[in-house]
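J.: Mind looking over this structure? Questions follow.
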Amino acid sequence: KGRRDRILATLSKIGLSAKPTPGSIYVWARVDADSKVESCTYTDQALNEAHVSIAPGEAYGPGGKGFVRISLGITDERLDEALNRLETWYSQK
């Protein structure tokens, strides 16, 4: 819950949005329309520019289009580092 809440609190700062879901090990976040990129482009840029790996929703079927999947299965320290990198990267776009 703590990791999920930290991710949810950061999403608006990195061009994503999501609703909290109980009992999940992932956050499914929608790529905001005003970012003007597809979810695959978003995840490629996050990996290549912020050095953070996020899964594109399309990898999980057609219902995942427009979404990214962020795992909660990492340490708090790694999560904080990833969120900081994403914030810095997105603010410079």
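The values are calculated or read from the model by the stated rules, or taken from the named source; none is laboratory data. Bear in mind that the values here come from a model prediction, so they are computed numbers and not experimental data. All Cβ positions, glycine included, derive from the backbone under ideal geometry; neighbour counts span all protein chains shown. Heavy atoms of the whole protein, side chains included, go into the accessibility calculation; ligands, DNA and RNA do not. Shrake-Rupley method; radii C 1.70, N 1.55, O 1.52, S 1.80 Å.
J.: Out of the residues in region 43-68 that are of a type in the set (D, E, K, R) and without any contact (Cβ under 8 Å) to a residue 40 or more places away in the chain, state the one that is farthest from Ala29 (Cα to Cα).
T.: Restricting attention to region 43-68, the residues satisfying the condition of being of a type in the set (D, E, K, R) are 44, 49, 58, 65.
Subset that is without any contact (Cβ under 8 Å) to a residue 40 or more places away in the chain: 44, 58, 65.
Working: Asp44: 15, Glu58: 12, Lys65: 11 Å.
So, considering only residues that are of a type in the set (D, E, K, R) and without any contact (Cβ under 8 Å) to a residue 40 or more places away in the chain, the one farthest from Ala29 (Cα to Cα) is Asp44.
J.: Take region 57-73 and flag every residue that is within 16 Å of Lys1 (Cα to Cα) and touching a Lys or Arg at 6+ places or on another chain (Cβ under 8 Å).
T.: The one that is within 16 Å of Lys1 (Cα to Cα) and touching a Lys or Arg at 6+ places or on another chain (Cβ under 8 Å): Leu72.
J.: Next question. What pairs come up if the first residue lies in region 69-81 and is among the charged types (D, E, K, R), the second is open to solvent by 70 Å² or more (accessible area, probe 1.4 Å) and outside any helix (DSSP H, G or I), and their beta carbons are under 7 Å apart, counting only those six or more places apart or on different chains?
T.: Arg69/Trp28
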